[in-house]
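Reading through the structure tokens given below for one structure.
The values are calculated or read from the model by the stated rules, or taken from the named source; none is laboratory data. Nothing here was measured: the structure is a model prediction, and the numbers come from that model. Note that each Cβ is placed from the backbone with ideal geometry, even for glycine, and that neighbours are counted across all protein chains shown. Accessible surface is based on the protein model in full, side chains and every heavy atom, while ligands, DNA and RNA are left aside. Shrake-Rupley method; radii C 1.70, N 1.55, O 1.52, S 1.80 Å.
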Amino acid sequence: MSLLDHLLANNRNWAASKIAQDPDFFQQLTKQQKPKYLWIGCADSRVPANQIIGLAPGEVFVHRNVANLVIHTDFNALSVIEYAVEVLKVEHIIVCGHYGCGGIEAATRIEQRGLVDNWLRHIQDIHQKYRTELAELPSKEAQLQRLCELNVREQLNNVCRTTIIQSAWQRGQKLFLHGWVYSINDGLVRELWPDINHVETII
Ligand code: CO
């Protein structure tokens, strides 16, 4: 008996239901993973990549962190992108933000929180960059929503400008980038910047 027995029971039920639907399900997965998609999203527990886009294990490669950031010195994110593009040869990279993001909201408040402030600093830079556009919006709520979208745009730009993506496009690899925002209120994704496949198309 352990404190997580309920999760282990869930796991056994889940594995059994997968086998009931398809006896070869796990056998097939052990051979290889061949996902077409890389998902870069927020670590928020309400934004689970596979479920939102209805994909099974093996179908989407996932990287998540606080506020779905792609920072040029973050070897974690860059390693994921490199592996996804060069080894898995994914055809689509989705950067998905979400409204009501706690990371985005926290970045707009001046507070000492600790280590996370260094991470949120990147969002504060975006807030600063777009302060004129944001100030024109009628409410704090509208400003936060827009900042969630602008953060997707900036991260999409960061992905686009990595040497990994630049090289892939130069050698003619089929690869599209997509900027999305997810709404926890209705469970729906809004496509903000779709089908980017060339540096000139970056917004
Ligand atoms: Co979030």
*Of everything in the range 114-143 that's open to solvent by 60 Å² or more (accessible area, probe 1.4 Å) and of a type in the set (Asp, Glu), which residue is nearest to the chain's Cα centre (by Cα)?*
ASP125
*Just one of GLU82, GLU105, GLU91 is surrounded by 14 or more Cβ atoms within 10 Å (Cβ to Cβ), within 10 Å of the ligand (Cβ to nearest atom) and of a type in the set (D, E, K, R); which is it?*
GLU105
*asked:* Taking the condition of being open to solvent by less than 100 Å² (accessible area, probe 1.4 Å) and within 16 Å of the ligand (Cβ to nearest atom), how many residues in the range 29-46 meet it?
replied: 6
*asked:* So in the range 50-78, with the set limited to residues that are closer than 29 Å to TRP14 by Cβ and polar (S, T, N, Q), which one is most open to solvent (accessible area, probe 1.4 Å)?
replied: GLN51
_Selection count, the range 178-197, where residues are touching a residue at least 12 places away in the same chain (Cβ under 8 Å) and either in contact with a helix residue (DSSP H, G or I) (Cβ under 6 Å, 6 or more places away or on another chain) or in a strand (DSSP E or B) (or both)_ = 12
*In the range 118-177, the residues that are over 24 Å from ILE94 (Cβ atoms), of a type in the set (S, T, N, Q) and in a helix (DSSP H, G or I)*: ASN118, GLN124, GLN128, THR132, GLN143
